[in-house]
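The values are calculated or read from the model by the stated rules, or taken from the named source; none is laboratory data. Keep in mind the model is a prediction, meaning the values are calculated, not measured. Glycine also receives a Cβ, built like all others from the backbone with ideal geometry; neighbour counts cover every protein chain displayed.
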Amino acid sequence: MRQMIYKRFERFWHWSQSLLMLVMLVTGFEIHGTFSWLGFEQALQWHEVGAVALIILWVFAIFWHFTTGEWKQYIPTTEKLVAVIRYYSKDIFFAKPHPYKVTPDRKHNPLQRFSYLGFKLLLAPVIWITGLMLLAYPFGLQVLSLPTLSALHLLSAFLILVFLIVHVYMTTTGDTPLSHIKTMITGYEEHQDPDVDEQTLPSEKNT
């Protein structure tokens, strides 16, 4: 059964955010001297452009989530949490079925909900606040010392990089290594389970 899971704006937001985060990571690490590619001035310029674009994207995404009610997808739940953890730590290696069935109303399993919520409430605020404070530092807003701000910003960047690496790995744990990625591109998921009842597919024009 073919079922739409991710609407058009969700897919645009996901891939645009991913691209901008990669731009921010690459240019940010170059600014800190991890490697040399664009040069400090260009890296700083692209880092700031990426930051502005990402802020604008997040404003639209937050508005969309709250006006459509999709923010409820991120409410934490412990329902099937233990089963999902057991699946990824053990059952997946024995080709057992995933204990959580994705639907348009329940897109994220409990483990994803906790990880995404942690990203939005912890990592994202730290990197944005420290980043904005670094931009404002030359203009007199010096709440923390420059080395402390830089260290906090860099630490949060490394944690976001780890988050992205784990996220990419998790996309390969579907029925096939590319099935989750295909779903995020097309919006549709192929259900193999005959017990999953076919639902009316949402129209793209409502996105």
Original post:
So is THR77 farther than 27 Å from MET170 by Cα, among the polar types (S, T, N, Q) and without any contact (Cβ under 8 Å) to a residue 40 or more places away in the chain or not?
Top reply: no
Subject >> Subset of the stretch 137-164 (residues that are among the β-branched types (Val, Ile, Thr) and either surrounded by 11 or more Cβ atoms within 10 Å (Cβ to Cβ) or in a helix (DSSP H, G or I) (or both)) >> reply: THR148, ILE160, VAL162
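What residue, of THR68, THR77, is at pLDDT 90 or above, surrounded by 11 or more Cβ atoms within 10 Å (Cβ to Cβ) and polar (S, T, N, Q)?
Exactly one residue qualifies, and that residue is THR68.
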**OP:** State which residue pairs qualify: first residue more than 17 Å from HIS98 (Cβ to Cβ) and inside the stretch 177-191, second residue surrounded by 14 or more Cβ atoms within 10 Å (Cβ to Cβ) and modelled with pLDDT under 85 in any location, beta carbons under 7 Å apart, and separation of 6 or more residues or different chains.
**Re:** TYR188/GLN3
Subject >> Lone qualifier among HIS98, HIS65 - being of a type outside the set (Phe, Trp, Tyr), out of contact with any strand residue (DSSP E or B) (no Cβ under 6 Å at 6 or more places or on another chain) and closer than 17 Å to THR173 by Cβ >> reply: HIS98
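Quick check, is THR130 closer than 28 Å to GLY28 by Cβ, at pLDDT 90 or above, surrounded by 14 or more Cβ atoms within 10 Å (Cβ to Cβ) and out of contact with any Ser or Thr (no Cβ under 6 Å at 6 or more places or on another chain)?
Numbers: closer than 28 Å to GLY28 by Cβ: yes; at pLDDT 90 or above: yes; surrounded by 14 or more Cβ atoms within 10 Å (Cβ to Cβ): yes; out of contact with any Ser or Thr (no Cβ under 6 Å at 6 or more places or on another chain): yes.
Yes.
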Original post:
Would it be correct to say that VAL102 is crowded, with 16+ Cβ neighbours inside 10 Å and at pLDDT below 90?
Top reply: yes
Original post:
Can you name the number of the only condition in (1) among the aliphatic types (A, V, I, L, M); (2) exposed (fewer than 15 other Cβ atoms within 10 Å of the Cβ); (3) modelled with pLDDT of 90 or more that LEU178 fails?
Top reply: (3)
